[in-house]
Amino acid sequence: GGDAYSAINKRSEQVSDNFFNATLGLSIKLGKHESHLMWHDPLQEIYYKLDVLANKNQDIEVCKKGDADNDGVCDDWDRQLDTPAGARVDGAGVALDTDLDGVIDLYDKCVTVPGPVENNGCPTNTGPVIETETKLEGIEFDLNSDRILPSNTPILNNAVNYINSSNGSYSVIGATDTRGTDAYNQKLSQRRANNVKNYLIKNGVQNGKLNAVGKGEKDLKYPECEPATKCPEWKNRANRRVYFEAK
């Protein structure tokens with residue numbers, strides 16, 4: 001064993017004493033390797049440990065319930081569990097429909113111009129399309145807040161273009177979830193509707209095309225959320241919203 005011992009001495013000149021002693025202490029029995037001090041390279045053992053750690057990190061479960069439609073949004077918070085393959089989605093996993101005509105971008109041949117489903121989302125040239133009830137939904141609010149969130153800016157800018165390009169006028173309707181009193185929620189929903197209306201006017205919509213209506217908690221998108229504790233938070237959040245309705 002003399003040769004092996006002198007090899008270790010030689011090695012220790014290249015590595016600081018403290019580091020060497022520490023690694024020697026570690027390398028008596030580590031993981032699957034039982035190694036004899038005299039012929040084992042302690043640095044090798046450290047690399048082995050790092051490898052094991054790296055592999056462990058890759059096993060962390062990212063989506064508890066998986067991602068059934070493979071759109072990159074975990075099922076835990078995916079609101080559309082059957083998004084068609086290849087469709088671009090928003091943060092809630094819902095397929096994007098840029099012109100809000102009910103035909104998702106994936107199937108829409110005219111992505112930025114609204115048109116009927118029968119015509120692949122393109123406008124028909126047989127005179128103006130008569131708009132039946134048009135709802136541009138999807139502006140949600142934090143609990144007890146009337147602040148417009150940055151994530152809603154694209155939807156609102158879309159609404160500006162949509163309303164400007166149509167001849168109709170629109171109600172901007174505010175609603176809340178079922179937490180809080182009726183009277184409080186009525187005022188909160190009115191503030192939400194006013195804020196959205198003001199945003200649209202500031203961004204170029206004519207004042208006369210819009211009126212703001214607060215409906216409090218009497219206009220639930222998910223009526224089953226009464227009381228709020230009956231529902232997952234995303235449903236309550238969806239009840240806290242402002243949407244548009246053609247008048």
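Odds and ends about this structure:
- All conditions in (1) at pLDDT below 80; (2) open to solvent by less than 40 Å² (accessible area, probe 1.4 Å) hold for Gly121, with the sole exception of (1).
- Any pair with Cβ under 9 angstrom, 6 or more apart, that starts in the range 144-164 at a residue that is under 19 Å from Val205 (Cα atoms) and ends at one that is at pLDDT 85 or above and of a type in the set (Lys, Arg): Ile148/Arg192; Ile163/Lys209; Asn164/Lys209
- Taken over the range 181-225, residues that are in contact (Cβ under 8 Å) with a residue 24 or more places away in the chain, open to solvent by less than 60 Å² (accessible area, probe 1.4 Å) and outside any helix (DSSP H, G or I) amount to 12.
- Here Ser169 meets each of (1) among the polar types (S, T, N, Q); (2) surrounded by fewer than 17 Cβ atoms within 10 Å (Cβ to Cβ); (3) in contact (Cβ under 8 Å) with a residue 24 or more places away in the chain; (4) out of contact with any strand residue (DSSP E or B) (no Cβ under 8 Å at 6 or more places or on another chain) with one exception, condition (4).
- Flag for Ile139 being under 19 Å from Ala238 (Cβ atoms), at pLDDT below 85 and not basic (Lys, Arg): yes
- The lone exception for Gly168 - which of (1) touching a Leu at 6+ places or on another chain (Cβ under 7 Å); (2) in a loop (DSSP other than H, G, I, E, B) it fails: (1)
- Any hit, the range 91-114, residues being open to solvent by 80 Å² or more (accessible area, probe 1.4 Å), outside any helix (DSSP H, G or I) and modelled with pLDDT of 85 or more: yes
- Cβ-Cβ under 6 Å pairs, at least 6 apart or on other chains, the range 226-247 side open to solvent by 60 Å² or more (accessible area, probe 1.4 Å), far side of a type in the set (A, V, I, L, M, F, W, C): none
- Scanning the range 77-89 for residues that are of a type in the set (Asp, Glu) and open to solvent by less than 60 Å² (accessible area, probe 1.4 Å) returns a single hit, Asp78.
The values are calculated or read from the model by the stated rules, or taken from the named source; none is laboratory data. Note that the coordinates shown come from a computational prediction; the quantities given were computed from them, not determined experimentally. Glycine gets a Cβ as well: all are built from the backbone with ideal geometry, and neighbour counts include every protein chain shown. The area values use the complete protein model at the heavy-atom level, side chains included, leaving out ligands, DNA and RNA. Shrake-Rupley method; radii C 1.70, N 1.55, O 1.52, S 1.80 Å.
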